[in-house]
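The structure appears right after this line, and notes come after that.
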Amino acid sequence: MLTVGLTGGIGAGKSEVSRLLVECGAVLIDADRIAREVVEPGTPGLAAVVDAFGEEVLAADGRLDRPKLGSIVFADPERLAVLNAIVHPLVGARSRELEQAAAADAVVVHDVPLLTENGLAPLYDLVIVVDASPETQLDRLVGRRGMSEEDARARMAAQATREQRREIADIVIDNDVPLYELERRVKDVWAELVRRARTPRESPQE
């Protein structure tokens, strides 16, 4: 098994790369999706969040009111740390379960938006960073997602820098390109991942 951490700045095209890797045969473990799952109604995760933040973070249907919770934690680093202390271990445990369920020769791709920010690179055999210029990111966020330029720039500024992401990368996929070229690049990367997954790793020397 080869474990891969996949990350990239907002608007860089990470989701498209993860989709293409799945088409190639990768097993995808999506940290954002798991983070939603572990606080679904009836889960210990949601109970812990309600215990920490009160019933006011629940919507009328009993689900987590994410905008309400976000308004509480993103204005208060201490409360954000409380939320992370609840959710991150649950996400990590579920990610390990899914990884362990994969085939022995699988290429397991962990899609982790904040991989750089949270210092998670050592958890994986290698790290892929999807990279795009700030101009491309801004164009995609405004043109495709409908964000205001101010909001897009603020979200970009809140993340790790382009240089910080590239520093931790074993493989960089440059995505200032049309989709057909991205598809070609991902296929080349996939061939390399399969090669690495099949190559026996040397044991550390005594």
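Checking the condition under 25 Å from Leu6 (Cα atoms), of a type in the set (A, V, I, L, M) and at pLDDT 90 or above, which residue from Leu98, Leu64 passes?
Exactly one residue qualifies, and that residue is Leu98.
I need the full set of residues from segment 41-86 which are outside any helix (DSSP H, G or I) and under 20 Å from the mean Cα position of the chain (by Cα), in order please.
If the condition is that a residue be outside any helix (DSSP H, G or I) and under 20 Å from the mean Cα position of the chain (by Cα), then Phe74 is the only one that fits.
Determine whether segment 31-40 contains at least one residue that is in contact with a Leu (Cβ under 7 Å, 6 or more places away or on another chain), open to solvent by less than 20 Å² (accessible area, probe 1.4 Å) and not hydrophobic (A, V, I, L, M, F, W, C).
Looking for residues that are in contact with a Leu (Cβ under 7 Å, 6 or more places away or on another chain), open to solvent by less than 20 Å² (accessible area, probe 1.4 Å) and not hydrophobic (A, V, I, L, M, F, W, C), one finds none in segment 31-40, hence no.
Of the residues Val57, Val91, Val49, which is under 21 Å from Ser18 (Cβ atoms) and open to solvent by less than 30 Å² (accessible area, probe 1.4 Å)?
Checking each option against the conditions leaves just Val91.
Pick from segment 162-198 the residues that are open to solvent by less than 60 Å² (accessible area, probe 1.4 Å) and not in a helix (DSSP H, G or I): which of them is farthest from Gly5 (Cα to Cα)?
Top of the filtered list is Val177.
If you scan segment 87-107, which residues turn out to be of a type in the set (Lys, Arg) and either part of a loop (DSSP other than H, G, I, E, B) or farther than 27 Å from Arg198 by Cβ (or both)?
Scanning segment 87-107 gives a single hit, Arg94.
The values are calculated or read from the model by the stated rules, or taken from the named source; none is laboratory data. For clarity, every value in this text was computed on a predicted model and none was experimentally measured. With ideal geometry, Cβ positions are generated from the backbone for all residues, glycine too; neighbour counts draw on all protein chains shown. The protein model used for the area step is the full one, side chains on, heavy atoms only, and it has no ligands, DNA or RNA in it. Shrake-Rupley method; radii C 1.70, N 1.55, O 1.52, S 1.80 Å.
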